[in-house]
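What follows is calculated from the coordinates using simple rules that are stated; it is not laboratory data. Predicted model, so just to flag it, every value in this text is computed and none were measured. Ideal geometry is used to build each Cβ from the backbone, glycine not excepted, and the neighbour counts take in all protein chains shown.
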Amino acid sequence: MADEPCSTPPAAEPAKPGQRMVNCVKFGREMPGLDRPPWKGELGKRIYENVSKEAWRMWIEYSKMLINEYRLNPLDPNSQKFIEEQMEAFFFGEGAKLPEGYVPPKAKS
């Protein structure tokens, strides 16, 4: 659930003077926030107010996997709608679900 903190929170990034802080929904603690809303509309506003820079970086990596696995076109309105739905679930819903049959790449030695 979005209310539960991530199992592997990153090391606390030291806050810079005047840096905007948010209570991150992914990590369940006060962390540096985004500089501006990263998405349009109400969802972008909610992310700006509740998601840390680190959690947003996690989403970017996850969204790359979604785009590749589902062969999405980021310019296609249907793909944008799917990405937005997944973003909502990633931050505020049940959490991220991997595509059926997804096999993560092997770590390089």
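Taking +1 at the Cβ of each Lys and Arg and -1 at the Cβ of each Asp and Glu, which of 90, 52, 73 sits farthest along the dipole of region 21-91 towards its positive end, judged by Cα position relative to the Cα centre?
Going by the charge dipole, the pick is 52.
Between residue 49 and residue 67, what is the label-to-label distance in nm when each label sits 7 Å out along the Cα-to-Cβ direction?
My value for the distance between the label points is 2.8 nm.
For residue 29, enumerate residues with amide H under 5 Å from its amide H, sequence gap 5+ or separate chain, H modeled in the peptide plane.
The list, which skips near neighbours in sequence, is 24.
Points 7 angstrom from Cα along the Cβ direction at residue 19 and residue 57: gap in nanometres?
The two pseudo-label positions are separated by 1.1 nm.
Any idea what the relative contact order of region 21-91 is, in percent, if you count C-alpha pairs under 8 Å spaced at least 6 apart? Could the numbers behind the result be given before it?
Details: 69 pairs, mean separation 19.1, N = 71.
Rounded, it is 27 percent for region 21-91.
Counting Lys +1, Arg +1, Asp -1, Glu -1, what net charge surrounds residue 65 among other residues with beta carbon under 14 Å of its beta carbon?
Spelling it out: positives minus negatives among the neighbours equals +1.
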